[in-house]
Amino acid sequence: MDTAYFIETIIKIVVLLLVFSALAGFGTYFERKVLAFMQRRLGPMHVGPYGLLQIAADGIKLFTKEDIVPQNVVGPIFKIAPVITAATAFMAAAAIPFMPSFTIFGYEVHPIISDINVGILYILGVMAIGLYGPLLGGMASANKWSLISAARAASVFISYEVVSGLSLLAPIMMVGSLSLIDFNNYQTGGVGSWMIWSQPVAFILFLIAAFAETGRTPFHLIANDHEIIDGFGTEYSGMRWGLFFIGEYANMFFISFVIALIFLGGFGDGSVGGALALLGKVSFIFFFFLWTRAAWPDVRPDQLMWLCWKVLMPIAVINIVITGIVIMF
Amino acid sequence: MANEITITIDGKEIETQEGEFILNAARANDIFIPAICYLTRCSPTLACRICLVEADGKQVYACNAKTKSGMNITTTTENIERERRAIMEVYDVNHPLQCGVCDQSGECELQNYTLEMGVDSQNYTIADVDRPSVDWGHIHYDPGLCIVCERCVTACKDMIGDNSLKTVPRGAGAIDGAFKESMPKDAYAMWNKLNKSVIGLTSGEEMLDCTSCGECAAVCPVGALVDTDYIYTSNAWEHKQVPATCGHCSAGCQISYDTKHTSIDNPEEKIYRVSNEWNYVSLCGAGRYGFDYQNSDVTKDETAFGAALDAFKKADTINFTSTITNEEALILQKMKDKFGYRLVNKDAQDFKTFLRDYSVVSRSSIYGSDLEKVHNTDFVVSVGSALKSDNPNARYAFNNAVQMKGAGLYFHPVADPVVDGMSKNVVSINHAPLQEEAVLYLLLDLFGNKDLLPTKIIDYLATFHSMKTVTVTETIKEKVVTQVTKKVVNKETGEEEEVTSDVTKMVPKKVSKEVEVDDNRLLEIVGAPDKFEETLQKLLKKKETFSLIVGPDLYTHPSSQNIARLVALIEKYSAFELVMIPTLTNTLGVGLICDLDDEAGEYAIGYNTQGDYVLSALGDGDLDMPAINQQEGTLTSINKRVNPTNVAVGYGGYVLNDIANALGLKAEYTIDYTEQLPTARGFKTRKFDDLPNHYTNAGEEVRGYLLGKMPVRMKKDEHVVAIDEDQALDGTLVYLANPVRQFTPFTNKAHQLISEGGLYMSESALSGSELQVGDEVSVKTEAGEVSVKVISDNKIDGEIAYLPTFDANINSEALFGGYRFTTASIEKV
Amino acid sequence: MSFEKFKDRNVGEDGYYMVDIEDYPETGWGKFKQVASRSLKGELFVGLWVVLREMFKFDIHTVQYPKEKLPIGPRYRAVHKMLRLFESGTERCIGCGLCEKICISDCIRMDTKYDENSRKEVTEYSINLGRCIFCGYCAEVCPELAIVHGGRYENASEQRAHFVEFEDMLTPIDALKAGQQEEYPGFGAIIPGSDKSVKKTPLAY
Ligand code: SF4
Ligand code: SF4
Ligand code: SF4
Ligand code: SF4
Ligand code: SF4
Ligand code: FES
């Protein structure tokens, strides 16, 4: 491996970390604002113009808040759990091509940290590991609500792993590769060539699974909102809690990229327009996450399981079979 | 006495006495008849007419109609309802809408009856006249609020005996004639009367100059008469009412200390006023206004307590006064039993001795009657007591008996204008000091049953009688015939003619006659007025029950033993029932509980009095003690009743029981001793908490318990000695007594009563001497000397001045050798 | 401001209707049907549309307290006010003690005395607002319309004693002269039309 590649990778990692950490912050701001507007409220208004500096205020608060480790928790696990969440979220980002390659100072930059040929598998796999964050955190917290929440999180994540995997199988069969670059390239033929048209069922299934895996409304079951308790994060405070938060928002961004890349044509032909289009698509998906939160209620855990195993999974399987048959003939 | 009869009120059969007023019979049986102007124990005035009832089909006033056997009474009929409503409407005419600030609001009978009668609109009207409110000194009168029920007038006359209030013209215009037709009859008549008067002072002066009992303000059903000190300080409903017994004199009146927090900033309880069940008990000015005599701001001072214990260990004597509870007296007695202290208490000792001498004749440990009985007797005699200041309730009983168609004799060396002003049916005889025995012999002579009296006494009494010839002028009517000539118009002729006719007239004519009459020298000795015997004959008409009140002058009399026997003889051999006035609040109780000693020892503890180490509830001693309004305990009253009293205001220091406990007695609370009071002396083993303290609707006194009768083990001895006619006090005389509203330094601590004592002289005595009010004089007797200011007192008359005991700065007792009168020289300094 | 709305205390039945709530499906098939119909009917999109529409309408209802405040109803019961007589400017309170008596929190106390003008003077009057539950009984019972509720509901403080003092409650005399004292229409105020239920008392002058 040459040094330039090494340096480039390091730079890319750092940029990615910084950009998405910051984005997570902005994400909260947007979420609050969007939710507020949809609910005829104003949202944060007091810190900075239109409450813009709220993110900074929150950041300062999270960083300076006392780090409380309650008495009966299992110390090391309790401490490591948020790191797992945040780390897995960012690790998943390694295989995502955020933009088309471009040349800067005569040096061609590939805005993907590592274009591994099993990209999708990798992303799904790493995201699945993310389960350990809530699970361990909840179990180590010595708090019954945390524990219940952790159990729910585990069941939801594992179940929807199945749906997301199966739903992606059909597009993978069509593209014949696991690399996201290949997916992108498969859809360069304009809007009409987007996977969403050929695989609408897979798209919907994956979208639903994405909500479940990021734990967003209407599947926001990992936090016990109805008990006015913040689920597995109950015992966390300060920056540890912040890491969970960053993890959740980073996940949302990355899954938005994944959806855009797989189903919505990615960055298309790699032109600047394509790059902007990708950002637009990602933004829309992110906005969609917020939108649903404003509009829809949560479902019950049993309903969620029922939906997963009795509805979505069979549909996914049927979709694969049909796709296979179509490909075969 | 009256017979038990059965009457029916509203279909309910009730038992009552024949001749009882319907209202009282109903009240005693919890049947409600509206009534405003009637005061139990006083004569009905018929001012309000609201007590209308129908008795055997006839409308009568329940407060003055007497019950007859088998009477059938209906308390309300349609017509009566109309009358009552009209009466209440009339009372509301021009009555200011000022309940918001009125002191009576919440306990106002006008409010109550207006609501009771459902007055929700007004039909009557009359132009109002200006009725500005007036300040009468300790009482404030607002004629605007007055409903002219005359209860104040009645109370002052029939109960108190001051006659200080009367109705005066209101100066209002006439009632619109149309109302006469349209209004119910009684309501109109009531209004007519009401519209003519308001209340004014009998004296015509600006300020009330009476014995200041405040009873008029207490009985006032509205806010017209209010105690000046209380006005606008509180609302009736804010008070906690602490049932208690007045601690100032031996009457032991039932009172209620009305307390509430001192102010916004100070949550400590404060007594705002004293209220009473004025239908059944009347207070004097000391009881009414002398309520804040508590020993305040006291804390537990451990060093002082230690010093007190040391003093008790050193002491061999305890000097004390009788302003203590029975329980405290018992603690002292127990300390005597255990540690051999001598208990010295002059007043209780004298009274006790007097009682013992009395029992030698009477075979009864204690006098037989009480003030309640005095109220209901027809003929009352008081001997040896400055009635109005020694025991105001005895005076009220005396007056009440006289006012309710009775009569009375008042024997006392000091002339008392209040007694003289009670009624023309009271004769006061100002005998010379030391001649009390002669008075008692006179009573024996006049009223004693000559068939039963020991012959020796009859013989002795006979020595005072002689026959003498007097010229009496009699008025006889004579027939006189005169000729009168009149001019008459002849009807037939129409001319005037002179007609002469004989007219016969009866003309009174005076004739003188010589008659032999019996001359009673005793009358001369006691200084009875002329024609006393005739007056007495008149007074004694239709009198059936007799009461004799004897007072403290007798207990300290040099021949008190003989006097006690004479008193007992009167009780025994005449129709008189006897009451003795105990000198101080609990003199009777202390006398019964404590074995007292004559002489003090070397080192004395003084309790509320002098000593080498002083315990004092007055706050001026070496160790503080609680005053009676800060204690729970019992007091023995003149009515031989053991009355409970309660804590009105808090006390933070040590009590006598703490000392007793520290010395080895054992009782958690002082009141643990209540049930240990000596049964051998008539007390009962009743727990303090079980003692009631109230009156029933029938007026029955349900308070504490009555002392039991104890057998007397002394040998019977009815021997009495002759009087010494010559014994007399020469020169200027001074008496030991208090002005009205003062008894002890405790009364003098109350903020409304506080005053400086002095030498009290009557107005006539003052004008006859060179002394002026305010002059500093030195009063010197054989026993001692004090230097005091001259004070004018219009509540006494005659030459005898008096020195008070309420002012702690004047040691008056030191001037007297026991007897309450002494010769003294009074010199201006 | 017109108070008609507040004075009309008759809550009628207009504008009310029953909400029809379906029964829960019992069988599995029923459940499936419910899910299918709900998913396909596009109800979810109605939800999305509603919130999106509101976002674009941008009809914001937020009141930026404490910069902005909502007007409060005339019957609102916040920190008390003591009113003065319009004509003479003297305090209306006559010290009758009814508010003190009725207060269920026992938080009113007053000291009164007989003053130089032979009137009852309230020398001190205090409400312990730390205990007051703002029930309005005092205002309702007051015969003089002296104690009323004001609109000042912000009374956070380090000490209860700071909440309010008598001087703060009493209309300042200059405010009264400037015509700033308003009659209180809330608890204890005269009910409109009560004139009709009053029987006139005949008067003779
Ligand atoms: S006297 Fe009675 S009715 Fe008259 S103002 Fe006073 S409380 Fe009211
Ligand atoms: S205070 Fe007593 S003595 Fe004086 S006027 Fe009133 S009732 Fe009569
Ligand atoms: S002052 Fe009171 S007690 Fe006397 S007449 Fe008037 S209302 Fe009756
Ligand atoms: S509002 Fe209620 S609790 Fe508060 S002072 Fe008035 S009566 Fe008392
Ligand atoms: S009720 Fe009104 S007039 Fe009476 S004391 Fe209270 S504030 Fe004053
Ligand atoms: S109570 Fe009988 S007339 Fe007044």
Centre separation in Å (Cα based) which lies between segment B:143-172 and segment C:87-121: 31
Modelled FRET efficiency - R0 45 Å, residue A:300 with residue C:105, Cβ distances, 0.05 increments: 0.50
Rounded, prolate or oblate (a/c below 1.5 giving rounded, otherwise prolate when a/b exceeds b/c) for segment C:20-61 by Cα gyration tensor: prolate
Long-range HN-HN contacts of residue A:237 with modeled amide H, under 5 Å: A:68
Burial ranking of peptide ranges C:146-154, A:314-322 (average Cβ count within 10 Å, highest at the top): C:146-154, A:314-322
Volume per residue that the Cα convex hull of segment C:12-112 spans, once the total is divided by residue count, Å³: 324
Inter-label distance for residue A:193 and residue B:497, nm, one decimal - labels placed 7 Å from Cα along Cα-to-Cβ: 17.0
Stretchable slack from residue B:709 to residue B:686, in nm (0.36 nm times residue separation minus alpha-carbon distance): 6.6 nm
Under 5 Å, built H, 5+ apart or other chain: amide partners of residue B:548: B:381, B:577, B:578, B:579
Radius of gyration and Dmax over the Cα atoms of chain B, both given in Å: 29.9, 118
Dipole moment magnitude, nearest 20 debye, segment A:2-328 about Cα centre, only Lys, Arg, Asp, Glu C-beta charged: 720
Gained length - residue B:537 relative to residue B:770, 0.36 nm times residue gap less alpha-carbon distance: 79.6 nm
Coarse-grained scattering of segment C:80-190 at q = 0.22, 0.24 Å⁻¹, given as base-10 log I(q)/I(0) from a Debye sum over alpha-carbon atoms: -1.37, -1.56
Separation of the residue A:47 and residue B:602 label points, Cα + 7 Å toward Cβ, nm: 8.9
Where labels lie 7 Å past Cα in the beta-carbon direction, separation of residue B:180 and residue B:719 in nm: 7.9
Relative exposure of B:136, A:306, A:197, judged by other C-beta atoms within 10 Å (fewest first): A:197, A:306, B:136
Karplus 3J(HN,Hα) series, Hz, for segment C:106-117 with 6.51 cos²θ - 1.76 cosθ + 1.60 (x for Gly, Pro): 6, 10, 9, 9, 8, 10, 10, 8, 8, 9, 4, 8
Estimated FRET transfer efficiency (residue B:20, residue B:72; beta-carbon r; R0 22 Å; 0.05): 0.90
Mean Cβ count within 10 Å, highest first, over the residues of peptides A:17-30, B:735-748: B:735-748, A:17-30
Three-way shape label, segment A:180-317, alpha-carbon gyration tensor, a/c 1.5: oblate
Residue exposure sequence - A:90, A:263 - by fewest surrounding Cβ within 10 Å: A:90, A:263
For chain C, Cys with no neighbouring Cys Cβ under 4.7 Å: C:93, C:96, C:103, C:107, C:132, C:135, C:142
Two-decimal Rg to Rh for segment B:467-526 - Kirkwood Rh, Cα set: 1.50
Histogram of C-alpha separations across segment A:2-328, 20 Å bin width, %: 30, 59, 11, 0
Highest average packing first - C:106-116, B:98-108, Cβ atoms within 10 Å: B:98-108, C:106-116
Taking segment B:467-526 and dividing mean pair separation by its residue count, relative contact order in percent (alpha carbons under 8 Å, at least six apart): 48
Segment B:22-91: chymotrypsin sites (Phe, Trp or Tyr not before Pro) falling in loop per DSSP and having at most 14 other Cβ within 10 Å: B:32
Shielding of C:47-55 by partner chains, average beta-carbon count, 10 Å: 6
Overall dimensions of the protein assembly as shown by Cα: Rg and Dmax, Å: 51.2, 177
Within segment B:305-463: Cβ-based charge dipole about Cα centre, in debye rounded to nearest 20 (Lys, Arg +1; Asp, Glu -1): 380
Residue mean of other protein chain beta carbons inside 10 Å, A:32-45: 4
Prolate/oblate/rounded call for segment B:733-828, Cα gyration tensor, a/c under 1.5 rounded: oblate
Euclidean distance between Cα centres, segment B:695-765 to segment A:267-329, Å: 111
Sequence-separation-based contact order of chain C, relative, with Cα cut under 8 Å and 6+ spacing, percent: 21
Rg/Rh for chain C, where both radii come from Cα atoms and Rh is the Kirkwood radius: 1.19
At R0 = 45 Å, FRET efficiency that the Cβ-Cβ distance of residue B:668 and residue B:29 yields, to 0.05: 0.60
Per-residue ³J(HN,Hα) for segment B:618-623, Karplus 6.51 cos²θ - 1.76 cosθ + 1.60, θ = phi - 60°, Hz, x for Gly and Pro: 8, x, 10, x, 7, 9
Antiparallel DSSP beta bridges within chain B, as percent of all bridges there, nearest 5: 70
Part-to-part distance (alpha-carbon centres) for segment B:399-434 and segment B:589-665, which is given in Å: 36
Residues A:2, B:620 arranged by fewest to most Cβ contacts within 10 Å: A:2, B:620
Cut-off under 5 Å, modelled amide H: who pairs with residue B:428 long-range: B:410
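Here, each number is a calculation from the coordinates, and none is a lab measurement. Keep in mind that what you see is a predicted model, and the values were worked out from it rather than measured. Please note: Cβ atoms are built from the backbone with ideal geometry, for glycine as well, and neighbour counts cover all protein chains shown.
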